[in-house]
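Asker: One structure coming up, written as structure tokens, with questions to follow.
The values are calculated or read from the model by the stated rules, or taken from the named source; none is laboratory data. This structure is a prediction, so every number in the text was calculated from the model and none was measured. Every residue, glycine among them, receives a Cβ derived from its backbone with ideal geometry; neighbour counts consider all protein chains shown.
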Amino acid sequence: MRIITTIKEMKAISREAIHTGKSIGFVPTMGYLHDGHLTLANKAKQENDIVIMSIFVNPLQFGPNEDFASYPRDRKRDEQLAESVGVDYVFYPTVEEMYPRSMEIEIKVKSRVNVLCGRNRIGHFDGVATVLIKLFSIVQPTNAYFGLKDAQQVAVVDGLIADLNLPVQLNAVETVREEDGLAKSSRNVYLTEVERGQAKELYQSLLYGKKLIEQGERNPDAVISKMKDYLIERINGSIEYIELYSYPELATINECHGKIIIALAVKFSQARLIDNIILYV
């Protein structure tokens, strides 16, 4: 496995791969890797000739009161984990390499962002879209892999690729979970022992909502209300939202029908957790 730190070298490697007819699987990450990231890399390894993983904590997607400076970082560990699953290249640019000067072009995402986490993170997905356009241009992947744990991000990437006719195939991979159902996340390390025991109820509440729909409940508000009652009885964390939309459009619906997402966010003392289920009705 090779570590690449410059855009020039990364572009040269990608050009050579494309010239020789090799497919490139790309896994963009912000590092502090966990099993979710490694699952994406394994999937990319199975389906491509070359796997490139980027590790870049993108400042453009952090708001003024968010955790850019304190976002967990462990380069040596990340490199060892990436190599353990067969990643061929880790693209590890600095902020100065990615943004050597103030951006003269502004990327603005208009749809799929004013709900769920995006509602209170103004500009977050503009930053995500900006860095992904740059990364796709640099790496030139055949396939790009994203985890459905952040289903809103997947929906935004889906729209980005479609609107800009980007020559990359989006591959959305199911959320990787602990044995008790908790979605794996780099932020889980901030849970106290008591909170960790309660955190499993987030996924259980989603399964409860899914069961309600499968049993015939078609009113989104009724599903949400019952899920809130379920969680209030079982966790001490603060429920930020439980929402239900069409997917990937993330549009409001009056009836549970078609492809939909049930998503939630819960704030514990030092960790904010998100999770979701996508289902067809």
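Asker: Name the one entry in G209, G197, G216, G181 that is within 19 Å of the chain's Cα centre (by Cα), modelled with pLDDT of 95 or more and not assigned by TED's automatic domain parsing to the domain that holds Y32.
Answerer: Within the list G209, G197, G216, G181, the selection yields G181.
Asker: Please verify whether F136 is of a type in the set (F, W, Y), closer than 23 Å to V266 by Cα and within 18 Å of the chain's Cα centre (by Cα), treating the condition exactly as stated.
Answerer: No; evaluated as a whole, the condition is false for this residue.
Asker: List the residue pairs whose Cβ atoms are under 9 Å apart, where the first residue sits in segment 81-103 and is over 22 Å from T130 (Cα atoms) and small (G, A, S), the second is in a loop (DSSP other than H, G, I, E, B) and at pLDDT 95 or above, and the two are 6 or more positions apart or on different chains.
Answerer: Final answer for the pair search is A82/M1; G86/M1.
Asker: Okay, moving on. Can you tell me how many residues in segment 262-271 are closer than 16 Å to I232 by Cα and of a type outside the set (A, V, I, L, M, F, W, C)?
Answerer: So the answer is 2.
Asker: Turning to a different aspect of this structure: If you check A265 against the conditions, is it closer than 21 Å to R121 by Cβ and touching an Asp or Glu at 6+ places or on another chain (Cβ under 6 Å)?
Answerer: It is true that A265 is closer than 21 Å to R121 by Cβ and touching an Asp or Glu at 6+ places or on another chain (Cβ under 6 Å).
Asker: Something else now. Restricted to segment 94-137, and to residues that are assigned to a loop (DSSP other than H, G, I, E, B) and of a type in the set (D, E, K, R), which residue is nearest to E249 (Cα to Cα)?
Answerer: Ranking the candidates gives R112 first.
Asker: Moving on. Any residue that is part of a loop (DSSP other than H, G, I, E, B), touching a residue at least 60 places away in the same chain (Cβ under 8 Å) and not acidic (D, E) - is there at least one of those in segment 190-204?
Answerer: Yes, because at least one residue in segment 190-204 is part of a loop (DSSP other than H, G, I, E, B), touching a residue at least 60 places away in the same chain (Cβ under 8 Å) and not acidic (D, E).
Asker: Let me ask something else. Within segment 30-73, how many residues are among the polar types (S, T, N, Q) and in contact with a helix residue (DSSP H, G or I) (Cβ under 8 Å, 6 or more places away or on another chain)?
Answerer: 3
Asker: Does I161 qualify as being under 25 Å from G36 (Cα atoms), touching a Leu at 6+ places or on another chain (Cβ under 8 Å) and in a helix (DSSP H, G or I)?
Answerer: Considered against the rule, which asks whether it is under 25 Å from G36 (Cα atoms), touching a Leu at 6+ places or on another chain (Cβ under 8 Å) and in a helix (DSSP H, G or I), I161 comes out as yes.
Asker: Exactly one of these conditions fails for S102: (1) within 27 Å of I4 (Cα to Cα); (2) at pLDDT below 95; (3) among the small types (G, A, S); (4) surrounded by 18 or more Cβ atoms within 10 Å (Cβ to Cβ). Give me its number.
Answerer: (4)
Asker: Every residue in segment 222-240 that is within 26 Å of the chain's Cα centre (by Cα) and among the β-branched types (V, I, T), please.
Answerer: V223, I224, I235, I239
Asker: Given the criteria within 19 Å of E9 (Cα to Cα) and at pLDDT 95 or above, does D88 qualify?
Answerer: It is true that D88 is within 19 Å of E9 (Cα to Cα) and at pLDDT 95 or above.
Asker: Could you say which residue among I262, I235 is hydrophobic (A, V, I, L, M, F, W, C) and assigned to a strand (DSSP E or B)? Talk me through it step by step, then tell me what you get.
Answerer: Values: I235 fails: assigned to a strand (DSSP E or B).
Just one listed residue meets the conditions, I262.
Asker: Pick from segment 159-178 the residues that are over 12 Å from the mean Cα position of the chain (by Cα) and acidic (D, E): which of them is farthest from P28 (Cα to Cα)?
Answerer: Checking each candidate, the answer is E178.
Asker: Also: Among the candidates I253, I261, I232, which residue alone is surrounded by 14 or more Cβ atoms within 10 Å (Cβ to Cβ) and free of Cβ contacts under 8 Å to residues at least 60 places away in the same chain?
Answerer: Among I253, I261, I232, only I253 is surrounded by 14 or more Cβ atoms within 10 Å (Cβ to Cβ) and free of Cβ contacts under 8 Å to residues at least 60 places away in the same chain.
Asker: If you scan segment 167-183, which residues turn out to be out of contact with any Leu (no Cβ under 9 Å at 6 or more places or on another chain) and either buried (at least 18 other Cβ atoms within 10 Å of the Cβ) or in a helix (DSSP H, G or I) (or both)?
Answerer: V168
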